[in-house]
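Colleague: The structure's right below; bear with me while I get my questions together.
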Amino acid sequence: MPNATATPPFKTLGIVGTGAMGRGIAQIAAQAGLTVLLHDLREGAVTEAREFVGGIWQRAVDKQRLSEAEAERYRANLKEAATLGELAGCDIVVEAIVEKLEAKQALFQQLEEILDDQAVLATNTSSLSVTAIASSCRLPQRVIGFHFFNPVPLMKIVEVIPGLRTASDVADRVEALGQAMGHFTARTTDTPGFLVNHAGRAFGTEALRILGERVTDHVTIDRILVDQGGFRMGPFALLDLTGLDVSHAVMESIYHQYYEEPRFRPSPLTRQRLTAGLLGRKTGEGFYRYVEGKPQVPDETPPPPVEPRPVWIGAEDDEARRQLIGLVTAAGWPLENAEESHETPTPDALCLLAPLGEDATSCALRLGLPAERCVAVDLLAGLERRRSLMLTPATRAAYRDAAAALFAHDGTPVSLLDDSTGFVLQRVVACIVNVGCEIAQQGVAAPQTVDRAVELGLGYPHGPLAMGDHYGSRRILTILDNMLAATGDPRYRASPWLRRRATLDMPLTAV
Ligand SMILES: NC(=O)c1ccc[n+]([C@@H]2O[C@H](COP(=O)([O-])OP(=O)(O)OC[C@H]3O[C@@H](n4cnc5c(N)ncnc54)[C@H](O)[C@@H]3O)[C@@H](O)[C@H]2O)c1
């Protein structure tokens, strides 16, 4: 359990606000060998926090993951400060009180009267500007953001956010403290959402747009992103877990703080659901309905088998053709164009398309294929764990059923989507990569930091830049360019960071 990797550059750490975050920070600070003084406005709150953390250590002792002697040493490191004045000897104080600018400013002003001038004032704010909090302090150079994630001991990342006037040695020492507490430290600029909450804007908002366009339902979107995208949880399950009261506020806050940047545009769907009280797990219903804590998800029924019919492959690049030919051959269906040819499909053939960032309709028309017999397939993540198929509004039921049966021939689940510029996976992945590239472009953090912080803070299978390289940055750029052309929505304009590196064939992590 102890995970300190270096000697902490501070000895006595004060914590003001011992709720969910303050107690977690207290736990890892005590484990790192600091003396921790806890203060809270509410009577009994510190005792609760000490008992909570003490209980965690006791359970670790019971499971023999921690010795009794170590637990005793940790417990001894946690002390109560009944008044703010008792924090006088601290060389750093971390505040984790209510998320209100005036409250945090007032607290830091009070602490400046109590603490030594060398002491550091750190804020765990997740949405306020560190610079704004520091602006009311006598010594803004000692104020810094130190942003942990919930639950603190398990989420092994902390953002270290110097405000515009923070001294660089303060940032270095606080970063060393985060590392001594066993966390990955992500040094970021003082910009809205900092790094992790900024990088997390695309996943939910693009999924909501897809839902809002009625491409498919929330269950299917979640299934695609988990199975094909490798995400631990789909965006709607995540929105339900976090609670729309929190998520909607974060979406709006970051959007407005970036002066209505279209890439972060929230969806009208969440405001209305919030009004209806459909907050998520905490109210028993969000996008899913919960019974005894379990989301109610309809079973997926495999499509019924149909008589094979000839298949025409309208995929344009060699790799896509190869994959589709492999699937059709494995299913034992007759293939009309194993080789590229100038023939046209026979009147009965099912035509398969493999567009990037383009809808099935425009892809069919561009290739001169009959829309009523066309079905598009998303090959961005291959055909391994799920297959997403997309129909034009003209696709006939017989061809839809044929495609579903063909792609399900080996038992792999199939999702059927209405027409969309970029299926589900392409859209969400392209938006995540694009926002990540813009974060790198703006120098919010170093590229490697962007990726690691997102893996740790959001649990994505890859950080956004590595995700772009994984799927191919040129393909991501094509998806975005096609989406922008089709929709005219500046939300999809590619970041210059992405465009330059993709066209130069350089990794997105290249500085
Ligand atoms: N909960 C999260 O997921 C999360 C994640 C990262 C950052 N944060 C930030 O951490 C801070 C705390 O969040 P939380 O979830 O722990 O809140 P919480 O409500 O669980 O705890 C806040 C505690 O602060 C105390 N408090 C409020 N005002 C005070 C004051 N002026 N002086 C002393 N004590 C005071 C309250 O009594 C309470 O015990 C907020 O700024 C929040 O934005 C929260």
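Colleague: Among the listed residues Glu307, Glu343, identify the single one that is at pLDDT below 95 and not β-branched (Val, Ile, Thr).
Modeller: Values: Glu307 fails: at pLDDT below 95.
Step by step, each of Glu307, Glu343 is checked, and only Glu343 is at pLDDT below 95 and not β-branched (Val, Ile, Thr).
Colleague: Same structure again: List every residue pair whose Cβ atoms lie under 9 Å apart, where the two residues are 6 or more positions apart in sequence or sit on different chains, the first residue falls within region 346-366 and is under 8 Å from Ala376 (Cβ atoms), and the second residue, located anywhere, is among the acidic types (Asp, Glu) and open to solvent by less than 10 Å² (accessible area, probe 1.4 Å).
Modeller: Every condition considered, the pairs that remain are Ala354/Asp378; Pro355/Asp378.
Colleague: Also: Assigned by TED's automatic domain parsing to the domain that holds Thr18, of a type outside the set (A, V, I, L, M) and farther than 21 Å from Ala167 by Cα - does that describe any residue in region 132-143?
Modeller: no
Colleague: Regarding Arg400, is this residue touching a strand residue (DSSP E or B) at 6+ places or on another chain (Cβ under 8 Å), under 25 Å from Thr188 (Cα atoms), surrounded by fewer than 22 Cβ atoms within 10 Å (Cβ to Cβ) and of a type outside the set (A, V, I, L, M, F, W, C)? Break it down into steps so the answer makes sense when it comes.
Modeller: Details: touching a strand residue (DSSP E or B) at 6+ places or on another chain (Cβ under 8 Å): yes; under 25 Å from Thr188 (Cα atoms): no; surrounded by fewer than 22 Cβ atoms within 10 Å (Cβ to Cβ): yes; of a type outside the set (A, V, I, L, M, F, W, C): yes.
It is false that Arg400 is touching a strand residue (DSSP E or B) at 6+ places or on another chain (Cβ under 8 Å), under 25 Å from Thr188 (Cα atoms), surrounded by fewer than 22 Cβ atoms within 10 Å (Cβ to Cβ) and of a type outside the set (A, V, I, L, M, F, W, C).
Colleague: If you take the residues in region 96-132 that are near the ligand (Cβ under 10 Å from one of its atoms), surrounded by 18 or more Cβ atoms within 10 Å (Cβ to Cβ) and not polar (S, T, N, Q), which one is farthest from the chain's Cα centre (by Cα)?
Modeller: Out of the qualifying residues, it is Leu107.
Colleague: Between a first residue in region 32-43 that is assigned by TED's automatic domain parsing to the domain that holds Ala81 and a second residue that is near the ligand (Cβ under 9 Å from one of its atoms) and among the small types (Gly, Ala, Ser), which pairs have beta carbons less than 7 Å apart while being 6 or more apart in sequence or on different chains?
Modeller: Cβ pairs passing all conditions: Leu38/Ala49; Asp40/Gly17.
Colleague: Just for region 154-166: of the residues that are of a type outside the set (Ser, Thr, Tyr) and more than 12 Å from Phe184 (Cα to Cα), which one is surrounded by the fewest Cβ atoms within 10 Å (Cβ to Cβ)?
Modeller: Just the residues of region 154-166 that are of a type outside the set (Ser, Thr, Tyr), to begin with: 154-165.
From the residues that got through so far, the ones that are more than 12 Å from Phe184 (Cα to Cα) too are 161-165.
Working: Ile161: 28, Pro162: 24, Gly163: 23, Leu164: 13, Arg165: 16.
In this case the residue turns out to be Leu164.
Colleague: Among the residues that make up region 47-65, is at least one of them within 11 Å of the ligand (Cβ to nearest atom), free of Cβ contacts under 8 Å to residues at least 60 places away in the same chain and open to solvent by less than 40 Å² (accessible area, probe 1.4 Å)?
Modeller: Yes.
Colleague: Restricting attention to region 343-352, does a residue exist that is open to solvent by 20 Å² or more (accessible area, probe 1.4 Å) and within 21 Å of Val414 (Cβ to Cβ)?
Modeller: No, there is no match, as no residue in region 343-352 is open to solvent by 20 Å² or more (accessible area, probe 1.4 Å) and within 21 Å of Val414 (Cβ to Cβ).
Colleague: Just the residues that are surrounded by 21 or more Cβ atoms within 10 Å (Cβ to Cβ) and among the small types (Gly, Ala, Ser), please, taken from region 234-267.
Modeller: Gly234, Ala237, Ser247
The values are calculated or read from the model by the stated rules, or taken from the named source; none is laboratory data. The model shown is predicted, which means the values in this text are computed figures rather than measured ones. Glycine gets a Cβ as well: all are built from the backbone with ideal geometry, and neighbour counts include every protein chain shown. Surface accessibility is based on the protein's heavy atoms, side chains included, excluding ligands, DNA and RNA. Shrake-Rupley method; radii C 1.70, N 1.55, O 1.52, S 1.80 Å.
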